[in-house]
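The values are calculated or read from the model by the stated rules, or taken from the named source; none is laboratory data. Remember, predicted model here, so these are calculated numbers, not experimental data. Positions of Cβ are generated from backbone atoms using ideal geometry, with glycine treated the same way; all protein chains shown enter the neighbour counts. Protein only, heavy atoms only, side chains kept; ligands, DNA and RNA dropped before computing areas. Shrake-Rupley method; radii C 1.70, N 1.55, O 1.52, S 1.80 Å.
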Amino acid sequence: MMTDIDRYAAANPDDGLPEQGGLITSRANFTEAYAYIPRSSFCDIVTSRLPHWSRTRAWIIARPMSGFATTFSQYIVEIGSGGGSDMPEGGRRAEGVLFVTAGAPEITIEGISHSLTPGSYVYINNTRWQITNPASGTAIIHWIRKCYVPVEGIPPPGAFVAHEDDVEPMQMYAGDDVWTTKRFVDAEDMAHDMHVNVITFGPGGCIPLMETHVMEHGLFVLGGKAVYRLNQDWVEVGAGDFMWLRAFCPQACYAVGKEDFRYLLYKDVNRHPELAVG
């Protein structure tokens, strides 16, 4: 039986740098419609340190960019033993989702502590929170940040902690597990302006249409492999790879191999597009 550690281990970045003498070319690609960052690109020299965080480094793999994707940023955050932050968030209107893929960090939200494990999911919104890694090993979290868009008459959502194992997968086809979605937030809840879901395709499963839509995406592959259609290109993707899609980028996929193909998906939802003034 696969443990939580096994389930996410292949997706976590490695320490260090590639060896001298290796091939420099890779499958990394940045286009007008999408960016593809393979796992091999997540090396030490592309990490950032964050203000008010200790013993921590982050791979910032998406950020708002004019002319590309503008709604969110996405990090892989590696917290060493004893590290963390009492002032983690620098944006006053920022909401966020944390998804744990390694270690046993602890988060405190409005004075209440929660122990996290691989597969834990945390939603936070303009909330006082702190995070630490009291364990001897490294903790890795995926942190997706967005500027919350309030709506008159609808209170903003409160913070909550969940775990992937406690969320019932929704079958995209009735009675068929070939394509399932784990939704941590009710799709009908208009308080939320973003969704971060876990998508799973069984071997041979596919998105059987060329999706083309207004939502932006961050797709981080948690396990398995697939051939993914990104705009005009078919790209082979696997655990630890990241895909960043601007609005209206055509997309589809076929899961290949013997394992389930799983990824963490961000999308912006439930709000009117902002209109230009003038």
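In nanometres, what is the gap between the two model label sites at Asp165 and Glu106, each 7 Å from Cα along Cα-to-Cβ?
Modelled inter-label distance: 2.1 nm.
Note down the Stokes-Einstein diffusion coefficient of the chain in µm²/s, whole number, using a Kirkwood radius over alpha carbon pairs, 10 °C, and 1.306 mPa s.
Rounded to a whole number, D works out at 82 µm²/s.
Semi-axes, largest first, in whole Å: what does sqrt of 5 times each Cα gyration tensor eigenvalue give for the range 66-225?
27, 21, 15
Length gain on complete extension for the stretch Ala135 to Val46, per 0.36 nm per residue less the alpha carbon to alpha carbon distance?
Length gained, Ala135 through Val46: 29.5 nm.
Which value, in Å³ per residue, describes the convex hull spanned by the Cα atoms of the range 177-277?
Residue-normalised Cα hull volume stands at 107 Å³.
Out of every Cα-Cα pair in the range 42-100, what percent are more than 18 Å apart?
40 percent
Grab the other residues whose beta carbon is less than 14 angstrom from that of Met215, score K and R as +1, D and E as -1, and report the net.
0
Suppose the chain between Asp177 and Arg27 were pulled fully straight at 0.36 nm per residue; how much longer would it get relative to their current alpha carbon spacing?
Taking 0.36 nm per residue and subtracting the Cα distance, the gain is 50.9 nm.
Can you give the net charge of the other residues whose Cβ lies under 15 Å from the Cβ of Asp86, counting K and R as +1 and D and E as -1?
-1
Grab the DSSP H runs of the chain that are 4 residues or longer, score each as -39,500 (n - 2.57), total them, divide by all residues and round the 222 nm result to the nearest 500 deg cm²/dmol.
So the calculated ellipticity at 222 nm is -500 deg cm²/dmol.
When the Cα centres of the range 201-264 and the range 1-65 are compared, how far apart do they sit, in Å?
Centre-to-centre (Cα) distance: 18 Å.
Run through every distinct alpha carbon pair of the range 198-245 and return the Kirkwood hydrodynamic radius in angstroms, one decimal place.
11.7 Å
What whole-number value in Å² describes the accessible area per residue of the range 225-264 for a 1.4 Å probe?
That works out to 41 Å² for each residue.
Semi-axes of the equivalent ellipsoid for the range 1-78, please: Cα gyration tensor eigenvalues, times 5, square-rooted, ordered largest first, whole Å.
Gyration-tensor ellipsoid for the range 1-78: 22, 19, 16 Å.
Grab the alpha carbons of the range 111-190, take their convex hull, and tell me the volume per residue in Å³.
Convex hull of Cα atoms, per residue: 143 Å³.
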